[in-house]
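Engineer: Would you mind keeping the following structure in view while I ask a few things?
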Amino acid sequence: MPETVVEVQNVTRCYGKLCAVQDLSLTVEKGESFGFLGPNGAGKTTTIKMLTGFIRPDSGTIRVMGHDMARDDIEAKRRIGLVPDEYGLYDDLTAADHLRFYGRLLGMPQSDREAAIERSLKLVELTEQTNNKTKGFSHGMRQRLVIAQALMHGPAILFLDEPTTGLDPVGAKEVRDLIKKMTAGGMTLFISSHLLFEVQEMCRSVAVINRGRLLKKDTIANLSNVLKDKIGRQLFLMLQNPEKPVYDAIAAVAGVEGISVEGPAYKIRVRSPEVQFEVPKAAVDAGGRILAFYEVNPSLEDVFIDLVGVGK
Ligand SMILES: Nc1ncnc2c1ncn2[C@@H]1O[C@H](COP(=O)(O)OP(=O)(O)OP(=O)(O)O)[C@@H](O)[C@H]1O
Ligand SMILES: [Mg+2]
């Protein structure tokens, strides 16, 4: 039986007339790496603030490891770690000082605190920076320090609000690798993002919200398959000679529904799997020299655009 870490039931939060989150229900199971997606202003940060007890919903309930956030918030918050979208560090404090300060705020006894500091800095690969002031830290190192801080008390779930936004490619990759390492270690993660390729790399399941409402919650694999049933299969064919006769021969195959040209490659939409085998045959018969041929599953980006896309 999967163990539920977070349970959200019919949660709504409005700011005046604008409802940032409306009637949201979802659950996150233990060990899940859960992606929380939505365009700007969709309600991701508002949701994370409610799930971590920073703001209260107008209505609905939130339970963390069975503890009701409204009635038992101290116990619920003990089980939560948060990496917020914005934070400040003290330039003149060392990495360890930050964690020591935070550990005191949490009321951790000194012996536990020092062990937790060492353990968390090791996990985020900042051991060598333990006694260095954060003044000289890169943006990526700062983000990893905030992750270490959020993990110090051994939470059951870690919330990360746009964890790689604003980082350079190297810093972003370091944070992604760290997230993947935590997932492999069985940590439960709730990651909000609009960087879909990253979510596809880091998460198994996602929820997509738009204008405060949940549109879908499922595994990425299921969402991709559902979209495939809807739009058909996409084949990728790369040719040494992507010339008109080859294009025309493929277009003439019964069951080919569309071709888009991408440099030396064609992306071909077909409905049934049988047509799949006719495509390379037609290309070769027309003199095409094939460099690569494979089926492309719909990406999380395709799924997201289908759900919240232009004009919806
Ligand atoms: N304190 C507030 N007062 C008034 N409106 C707010 C407040 N916080 C958020 N909102 C509004 O609620 C909506 C949801 O905002 P939220 O920050 O949760 O979205 P988001 O999905 O995190 O967006 P982003 O991708 O830009 O971070 C937005 O329309 C925002 O303007
Ligand atoms: Mg946000």
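The values are calculated or read from the model by the stated rules, or taken from the named source; none is laboratory data. Everything quoted here is computed from the prediction, not taken from an experiment. A quick note on method: Cβ atoms are made from the backbone with ideal geometry, for glycine too, and the neighbour counts reach across all protein chains shown. All accessible areas refer to the heavy atoms of the entire protein, side chains included, with ligands and DNA or RNA removed. Shrake-Rupley method; radii C 1.70, N 1.55, O 1.52, S 1.80 Å.
Engineer: How about the range 74-109: which of its residues are small (Gly, Ala, Ser), under 29 Å from the mean Cα position of the chain (by Cα) and at pLDDT below 90?
Structural biologist: First, the residues of the range 74-109 that are small (Gly, Ala, Ser): 76, 81, 88, 95-96, 103, 107.
Filter once more, keeping what is under 29 Å from the mean Cα position of the chain (by Cα): 76, 81, 88, 95-96, 103.
Listed by number, the list holds a single entry, Gly88.
Engineer: Confirm whether Leu37 is in the same structural domain as Leu160 (by TED's automatic domain parsing), in contact (Cβ under 8 Å) with a residue 12 or more places away in the chain and either surrounded by fewer than 23 Cβ atoms within 10 Å (Cβ to Cβ) or within 16 Å of ligand 2 (Cβ to nearest atom) (or both). Spell out the reasoning first.
Structural biologist: Working: in the same structural domain as Leu160 (by TED's automatic domain parsing): yes; in contact (Cβ under 8 Å) with a residue 12 or more places away in the chain: yes; either surrounded by fewer than 23 Cβ atoms within 10 Å (Cβ to Cβ) or within 16 Å of ligand 2 (Cβ to nearest atom) (or both): yes.
So Leu37 fits the description; yes.
Engineer: Restricting attention to helices (runs of 4 or more DSSP H) lying wholly within the range 30-139, give those where 1 or more residues are under 14 Å from Pro155 (Cα atoms) and within 16 Å of ligand 1 (Cβ to nearest atom).
Structural biologist: Numbers: elements: 44-51, 73-78, 95-105, 110-123.
Those helices (runs of 4 or more DSSP H) span 44-51.
Engineer: Something else now. Looking only at the range 46-66, count how many residues are surrounded by fewer than 17 Cβ atoms within 10 Å (Cβ to Cβ) and either outside the structural domain of Thr12 (by TED's automatic domain parsing) or on the phi < 0 side of the Ramachandran plot (or both).
Structural biologist: Residues flagged as surrounded by fewer than 17 Cβ atoms within 10 Å (Cβ to Cβ) and either outside the structural domain of Thr12 (by TED's automatic domain parsing) or on the phi < 0 side of the Ramachandran plot (or both) within the range 46-66 amount to 6.
Engineer: Kindly indicate the residue of the range 151-167 that is closer than 19 Å to Glu29 by Cβ and modelled with pLDDT under 95 and also farthest from ligand 2 (Cβ to nearest atom) among those meeting that condition.
Structural biologist: Keep residues of the range 151-167 that are closer than 19 Å to Glu29 by Cβ, which gives 154-160.
Pick out the ones that are also modelled with pLDDT under 95 and you get 154-156.
On the way: Gly154: 26, Pro155: 20, Ala156: 23 Å.
Per the stated criteria, the residue is Gly154.
Engineer: So Leu160 passes all but one of these: (1) within 25 Å of Met65 (Cβ to Cβ); (2) more than 16 Å from ligand 1 (Cβ to nearest atom); (3) in contact (Cβ under 8 Å) with a residue 24 or more places away in the chain; (4) touching a strand residue (DSSP E or B) at 6+ places or on another chain (Cβ under 9 Å). Which condition number does it fail?
Structural biologist: Condition not satisfied by Leu160: (2).
Engineer: In addition: Please enumerate the residues belonging to the range 250-288 that are open to solvent by less than 40 Å² (accessible area, probe 1.4 Å), part of a helix (DSSP H, G or I) and closer than 24 Å to Val226 by Cα.
Structural biologist: Listed by number, the residues that qualify are Val275, Gln276, Val279.
Engineer: Same structure, new question: Which one of these is open to solvent by less than 60 Å² (accessible area, probe 1.4 Å), in contact (Cβ under 8 Å) with a residue 40 or more places away in the chain and under 14 Å from Phe236 (Cβ atoms): Val296, Val308? Working first, answer last.
Structural biologist: Numbers: Val308 fails: under 14 Å from Phe236 (Cβ atoms).
Exactly one of Val296, Val308 is open to solvent by less than 60 Å² (accessible area, probe 1.4 Å), in contact (Cβ under 8 Å) with a residue 40 or more places away in the chain and under 14 Å from Phe236 (Cβ atoms), namely Val296.
Engineer: Right, something else. Going through the range 187-213 one residue at a time, which ones are within 16 Å of ligand 2 (Cβ to nearest atom) and either of a type in the set (Phe, Trp, Tyr) or outside any strand (DSSP E or B) (or both)?
Structural biologist: Phe190, His194, Leu195, Leu196, Glu198, Val199, Arg211, Gly212
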